[in-house]
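Reviewing the structure listed below.
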Ligand code: PMP
């Protein structure tokens, strides 16, 4: 079965989906997207979409900021995604990419008076950061784009130029990931993930006005911190030097999951090994996303629906 898309109201192999080289979004970055994971549960023979509703709610908000019209509601998008995975026949972890874009074949940067279109793709997840071993990170010389320039709370394709510059600089300098600071010098986030610090019995992380994407994994971890690990949570501006003295640091994201950061700017974080709290979080989080924890089962939407009913 080739990788599948929902494109112009049809389910098609991705290789058959074509758009024009004059597409507005290709020239000006005028598109919004999401990344949703479907997680394979071996015992139930099921793929569970993790927090699909929250992803589609964020998708709607991104589109509102970018004046992109979405033809489907959150519930309809969830159902369409279940159907796409079901039709793909994939019985493994999957990565779904919803994408809404300015589809007019028009020259000139603007958002108004253009046509919009929308598609979904499903594929096995691409390789990303090493969730088992952890990573080394460096502070980027590229600052995080500010809400007064391009709003980072919207998941806009054009914003990923900022992330790409930072990521390549970091990798070419021998790190696995970049951590970007805001224009005011406070910590913002990684290039495709949020950053969280363990300081004593607190989980500390940059807040909503720190030019972060409001990550769904970040939200999940903050909730698990309070409800399951009995930790306090603080969303506030974070100084660069707080990273160096934190007990543990990790980054979170749909693709990353929860990745320990063992070193930042050539300074070991804590013991330089994966810390006990990160370890605990990661184990619990993996059970949650595969639908194995009844309390959080409502976050997990089954794709093979006939199976789910029996
Ligand atoms: N920040 C950025 C810039 C991202 O691209 C992502 C990945 N979507 C995240 C944070 C993490 O968000 P989430 O946990 O919702 O995937």
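The values are calculated or read from the model by the stated rules, or taken from the named source; none is laboratory data. None of the values given here were measured: they were computed from a predicted structure. Virtual Cβ from ideal backbone geometry, glycine too; neighbours counted across all protein chains shown.
What the table below lists for this structure:
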{"item": "Extreme residue, surrounded by the most Cβ atoms within 10 Å (Cβ to Cβ), among residues of region 120-137 that are modelled with pLDDT under 95 and more than 15 Å from the ligand (Cβ to nearest atom)", "result": "130"}
{"item": "Residue, farthest from the ligand (Cβ to nearest atom), within region 45-70, restricted to residues that are surrounded by fewer than 16 Cβ atoms within 10 Å (Cβ to Cβ) and part of a loop (DSSP other than H, G, I, E, B)", "result": "45"}
{"item": "Exclusive hit being in the same structural domain as residue 178 (by TED's automatic domain parsing), under 19 Å from residue 136 (Cβ atoms) and within 22 Å of the chain's Cα centre (by Cα), set 245, 269, 264", "result": "264"}
{"item": "Region 87-98 residues that are farther than 21 Å from residue 59 by Cβ, paired with ones that are at pLDDT below 95 and surrounded by fewer than 14 Cβ atoms within 10 Å (Cβ to Cβ) (beta carbon under 9 Å, 6 or more apart)", "result": "89/1; 90/1"}
{"item": "Counted residues, region 74-99 - those being outside any helix (DSSP H, G or I), over 18 Å from the mean Cα position of the chain (by Cα) and surrounded by fewer than 16 Cβ atoms within 10 Å (Cβ to Cβ)", "result": "3"}
{"item": "Given (1) in contact (Cβ under 8 Å) with a residue 12 or more places away in the chain; (2) part of a helix (DSSP H, G or I), number of the condition residue 226 does not satisfy", "result": "(1)"}
{"item": "Options 203, 251, 221; residue that is at pLDDT 95 or above, under 19 Å from the mean Cα position of the chain (by Cα) and more than 20 Å from residue 142 (Cβ to Cβ)", "result": "221"}
{"item": "Subset of region 168-188 (residues that are at positive phi and either in contact with a strand residue (DSSP E or B) (Cβ under 9 Å, 6 or more places away or on another chain) or within 14 Å of the ligand (Cβ to nearest atom) (or both))", "result": "174"}
{"item": "Residue match in region 38-53 (condition: assigned by TED's automatic domain parsing to the domain that holds residue 107 and under 14 Å from residue 114 (Cα atoms))", "result": "no"}
{"item": "So residue 267, is it surrounded by 13 or more Cβ atoms within 10 Å (Cβ to Cβ) and at pLDDT 95 or above", "result": "no"}
{"item": "Residue match in region 109-119 (condition: in contact with a helix residue (DSSP H, G or I) (Cβ under 8 Å, 6 or more places away or on another chain), assigned to a loop (DSSP other than H, G, I, E, B), exposed (fewer than 14 other Cβ atoms within 10 Å of the Cβ) and touching a residue at least 60 places away in the same chain (Cβ under 8 Å))", "result": "yes"}
{"item": "Residue match in region 254-261 (condition: in a strand (DSSP E or B) and surrounded by fewer than 18 Cβ atoms within 10 Å (Cβ to Cβ))", "result": "no"}
{"item": "Residue match in region 222-230 (condition: surrounded by fewer than 22 Cβ atoms within 10 Å (Cβ to Cβ), farther than 24 Å from residue 36 by Cβ and within 16 Å of the ligand (Cβ to nearest atom))", "result": "no"}
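For every residue, the table says whether it meets (1) touching a helix residue (DSSP H, G or I) at 6+ places or on another chain (Cβ under 9 Å); (2) under 20 Å from residue 257 (Cβ atoms).
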residue: 6; (1), (2): yes, no
residue: 12; (1), (2): no, no
residue: 20; (1), (2): yes, no
residue: 28; (1), (2): yes, no
residue: 49; (1), (2): yes, yes
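Yes/no per residue for (1) crowded, with 16+ Cβ neighbours inside 10 Å; (2) without any contact (Cβ under 8 Å) to a residue 40 or more places away in the chain; (3) within 11 Å of the ligand (Cβ to nearest atom):
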{"residue": "139", "(1), (2), (3)": "yes, no, no"}
{"residue": "145", "(1), (2), (3)": "yes, no, yes"}
{"residue": "197", "(1), (2), (3)": "yes, no, no"}
{"residue": "213", "(1), (2), (3)": "yes, no, yes"}
{"residue": "236", "(1), (2), (3)": "no, yes, no"}
{"residue": "241", "(1), (2), (3)": "no, yes, no"}
